[in-house]
Amino acid sequence: MNSITSFWNSGPTGKIIIVGAGMLVLCCLCSIPILIFSPSTSLFAPVTTAPAFATQVEIPTQVVLPTNTPEISNTPELILTATPQGSTPDTGCVFCNLECPASQEGIDFCVADRQLVADLALFEATLKAYCDSKGADFCKVLVWTDRQHVPSSLPMTDVQLNNEVADYSLNRVTGNACFILLSAGGVIYQSEGCFG
């Protein structure tokens, strides 16, 4: 204790050092009860860091493309032309042409644009409109997408059969219409009219 008193009496530097050390001890002593009694501090809980949350990214698993299946009306001029048609308000379909360059024994051999074949409802409606425009009691249409495979007469070759994309028939007497979609010589779709 004598050393603190002698240091205090040594001058202003000694007094500043003693006051500074006292303040330091006082701050340390006062902060301990604050830490102990603070509601946000728990002395017995383990110290943890904030969890790192993974960022969730929603990946679409299904792509839904807009479909354009307009009602077909007044379309004979659309399907009977040999040049591509521009988009029109009643069909909304560009290059939806059907051209029938050959026929034999009431069977028409036709070529259709791939865009038309891709739209099942529009394709079937176009074939029906084509047969309606002919006005006969019976109409049968065989369709390809590549002109080089369209036969000029029957019988057809294996290559022509394997490249045919559709077979449509309409019987006005019975009211029965059958639409068959083909791929590589096999049936991939049949309308209800094919079973009656």
How many of the residues in region 174-195 are part of a strand (DSSP E or B), open to solvent by less than 70 Å² (accessible area, probe 1.4 Å) and hydrophobic (A, V, I, L, M, F, W, C)?
6
When only residues in region 105-156 that are basic (Lys, Arg) and either part of a loop (DSSP other than H, G, I, E, B) or within 22 Å of Ala184 (Cβ to Cβ) (or both) count, which is least open to solvent (accessible area, probe 1.4 Å)?
Lys140
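Does any residue of region 159-173 turn out to be touching a residue at least 12 places away in the same chain (Cβ under 8 Å), surrounded by 11 or more Cβ atoms within 10 Å (Cβ to Cβ), in contact with a His (Cβ under 6 Å, 6 or more places away or on another chain) and within 23 Å of Arg114 (Cβ to Cβ)? Lay out the reasoning, then the answer.
Step one: list which residues in region 159-173 are touching a residue at least 12 places away in the same chain (Cβ under 8 Å), which gives 160-173.
In the following step, the residues that additionally are surrounded by 11 or more Cβ atoms within 10 Å (Cβ to Cβ) were identified as 160-172.
Next, only the ones that are in contact with a His (Cβ under 6 Å, 6 or more places away or on another chain) stay: 160, 163.
Within this subset, residues satisfying the condition of being within 23 Å of Arg114 (Cβ to Cβ) are 160, 163.
There is at least one residue in region 159-173 that is touching a residue at least 12 places away in the same chain (Cβ under 8 Å), surrounded by 11 or more Cβ atoms within 10 Å (Cβ to Cβ), in contact with a His (Cβ under 6 Å, 6 or more places away or on another chain) and within 23 Å of Arg114 (Cβ to Cβ).
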Hey, could you check region 157-173 for residues that are in a strand (DSSP E or B) and polar (S, T, N, Q) and say which is farthest from Asp108 (Cα to Cα)?
Asn171
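The values are calculated or read from the model by the stated rules, or taken from the named source; none is laboratory data. Quantities reported herein were computed from a predicted structural model and do not represent experimental measurements. A quick note on method: Cβ atoms are made from the backbone with ideal geometry, for glycine too, and the neighbour counts reach across all protein chains shown. Surface areas here come from the heavy atoms of the whole protein model, side chains and all, with no ligands, DNA or RNA. Shrake-Rupley method; radii C 1.70, N 1.55, O 1.52, S 1.80 Å.
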